[in-house]
1. Is the shape of the range 226-304 rounded, prolate or oblate, going by the alpha carbon gyration tensor and its root eigenvalues a ≥ b ≥ c, with a/c under 1.5 for rounded and a/b larger than b/c for prolate?
2. Using 0.36 nm per residue, how much length does the chain from A745 to Q662 gain when fully extended, once their Cα-Cα distance is taken away?
3. Can you tell me the 0 to 90 degree angle between the C-alpha axis of helix 625-640 and the longest principal axis of the chain, rounded to 10?
4. Ignoring ligands, DNA and RNA, what percent of the 1.4 Å accessible area of the chain is carbon and sulfur?
5. Full-extension gain between T547 and D671, please, as 0.36 nm times their residue separation minus the C-alpha to C-alpha distance.
6. With no solvent and one point per C-alpha, what does the Debye sum give as log10 I(q)/I(0) for the chain at q = 0.08, 0.11 Å⁻¹?
7. Using Cα pairs closer than 8 Å and at least 6 residues apart in sequence, work out the relative contact order for the range 372-451, in percent.
8. Roll a 1.4 Å probe over the protein chains and send me the accessible area per residue for the range 1-62 in Å².
Amino acid sequence: MTHVWEREHQVGELLELLRDGTGSTVLVTGEAGVGKTTLVRELVARIGSERRVLIGSCDDFLVPPLLQPIRDAFRGSGGPMDRPVPSDLVFDAVLREFEQPTVLIVEDVHWADDATLDLLRYVVRRLDQLPGSVVVLTYREDSIDTRHPLRAWLGALADVPMRRIALSPLSRAAVGAIAAGSGRDADELYELTGGNPFYLTEVLAGTEETIPATVVDAVLSRIRRLSQESRAALEQLSVFPSAVDLRYLDAVLDSGLAGLTEAEEIGLLETSGDRIAFRHDLARRAIEQALPPLRRRHLNGRVLKVMLACPDVHRFRLVHHAVEAGDIETVLAQAPLAAREASRAGSHRQALTNLQAVLPYADRLVLAERAGLLDAYAWELHIAHRFGEAVEAGDQAVRLFEQLGESTALAETLLRQSRFLYMAGDTPAAVQAGERAVEVAEYTGSPAVQASAAASRAMLMVLTGAAREAIPALELAHDRAVEAGRTDIDALCHNYLGVAWCDLGSPFGFTQLRTSIELARSTGDYEAVARGYTNLAEMLYRGYRWTELAECLRDGLAYVREHGFGSHAYNLEVHQALLDLRLGRWDEAEQRLRQLLDTVDDDGMMSVMSHSALGRLLARRGDPDAERLLVCAWERGLEQGSHTGQGYAAFALAEWAWLNDQTDVWESIRDHVEQLSDIPVVNQMMHLLPGMPGWQRDADPYEEALRLADSGETESMLRALEILDRMGAAPAAALVRRRLKELGALRIPRGAQARTRKNPGGLTDRQLDVLVLLTDGLTNPQIAAELVLSVRTVDRHVSAILDRLGAGSRREAAAAARSLGLSREQQSA
């Protein structure tokens, strides 16, 4: 057994978890070089033969390879994944690998592609059904900001129990012990390396005369002791972002593999089977970044030349080295194909990156290819929530197809552009683009295109409140789609027929929506399935069918995440937050909504839904930020012309007005709503409000309290006050207290003051969680990692805590928490 400095506790924790026998997930985090790989290797060594262990790692490619770490891990396993598996069967194949207890280790998941993250999410959610299996994931906490895909991944799994092991740098004492006998000054080494084990190893490997000022210098000074032949070989190897097959390297090295012998002997490299890589990627990066730009370009060009001659090279490797080598012809030939493969696999982030690699050279493509490139780029931008950019790219594609006179391609592009415009929040322009697509489609003579255009126009009719008129149009479009063999349009027609019938109050609509999902599933029309779940969730919410909504959200979110449909996931997340709000899970709702606002820059028309939902929650809590959010959502809803958005925004702003006795605002919204009385979504939403017919329907805890408060009976109103105080619904509680006083009640509980004895300032449950960790001296990023929140969300919570406690600093807030017994040590005592 080797000695792992200051890591024995973490190794023991992992072994204990492994031997517990329950399926579980472990996240090992820390900065680059802190020892995550060392910890994992020590775990593997101590497991020995008692459990099957599979290891894969992600690499820092320009475009990460699709599922490469998963395929590497299961290579040689003898199971279903030890042979080529089509992308649509990978999920089931991986799950079958866990039929025997397995430890799956995936390193550096901050570099993972979307498909890998989707598959890991799928497995992690099912580990509780796989006794004896453990998934260990390592990543660099400092490499994932609030908008990093892994941050969203962690947020989506907030409800799944995970063990977190955060590795800290070595202590000054450990550095001294490691350096003992080296003749080096331990304090100087500690100051130089900050206790980072890799940095320390690299510095100790140099000579005392060449102690570097930075670790990059440490790596380079170590390399300078090698022969010129070995240095040249290392430079060549450094341009490979991952472990490389020896046959490629042998072909590209002037000296052959023998040139790497010196580097291997001093521990810079390691081999595994027929592959070789740097022992630590920091060393590779140091060498690569030190290369003069022209030499780096030359070395990548040599790699590309060898790989182009090999028939089995993955396309993502070709694109990476072509970009680095400035080989424009290869980029133009390979990147669009790589993008198509990535999109089909659900790795839309990688598809977008590949297309972006082509764009600077798009003028070298013939007109038709350039138009197709922009059309595909617009679609991926829309998937990535970059709706404004999608509209811009789509507009360019439309203009190019107009020049070509390609009516079929033009019609299809206009239909997609119509969707981009609607998602961007420009409903009138979306309708206009859709109408033009119908006109162009008539010239194509293509039944399939005509069916698609007719269906798109009818769908927009539903979205703009003309449900009754849309039904016959959708039925006709459906018949034409079936005749033309357009299975995707067939499913979407059922989808929007369902929405239309639900708008008209018919339960037949739910049957149609579920039919659309099953049809799309059976034909592999993934986007139609995702849209089916999205619209079903919205109709179930507006129909007060909470149990069915919970089931739809569970299944729908799993599906859209696994297939990479980010915009649909956003919509479903909002409705999950709204359901959480109704069930009294206010902290969960706020966390979910803030995660959406923190991680998506361009949420388009859906911004009205998310902002109004968060504003409504904050209004119930008496947060002054509610008014700004709700007014903004209302104004956006009016600007966008989306009746759906107006319904959600009017509902939320009206509730704020009611809570804050803003009669003029209430009347203004009511007058506007009366003008839209024929729009089903507006009526359905507004009838949920206090004072409107039907507002007490299927009451949640909050609405139950309002119903009791509205009774006029003192005992019922006191019960309402108890519920509202417990939920932190200060504005509604204030209204009840005022009414009790008007009724002459002799005893009116002062709930806020009673709560303050244990919860200063009336902090929310989530703010209390943050305060407890703040007393432990954790930084905001560390608190965010612990609670699976974004750093921006933690920043807001800390600011609110300081404000409500009247504290001038984190130290004062921590002192106040300790005085009230809120520190972690006091709570566990």
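The values are calculated or read from the model by the stated rules, or taken from the named source; none is laboratory data. Just so you know, these numbers come straight off a predicted model, no measurement behind them. Because the Cβ atoms are built from the backbone with ideal geometry, glycine has one as well, and the counts that use them run over all protein chains shown. All accessible areas refer to the heavy atoms of the entire protein, side chains included, with ligands and DNA or RNA removed. Shrake-Rupley method; radii C 1.70, N 1.55, O 1.52, S 1.80 Å.
1. Verdict is rounded for the range 226-304.
2. Gain in length upon complete extension: 27.3 nm.
3. 80
4. 50
5. 41.3 nm
6. Treating every Cα as an identical point scatterer, log10 I(q)/I(0) equals -0.83, -1.37.
7. 25
8. Value for the range 1-62: 44 Å² per residue.
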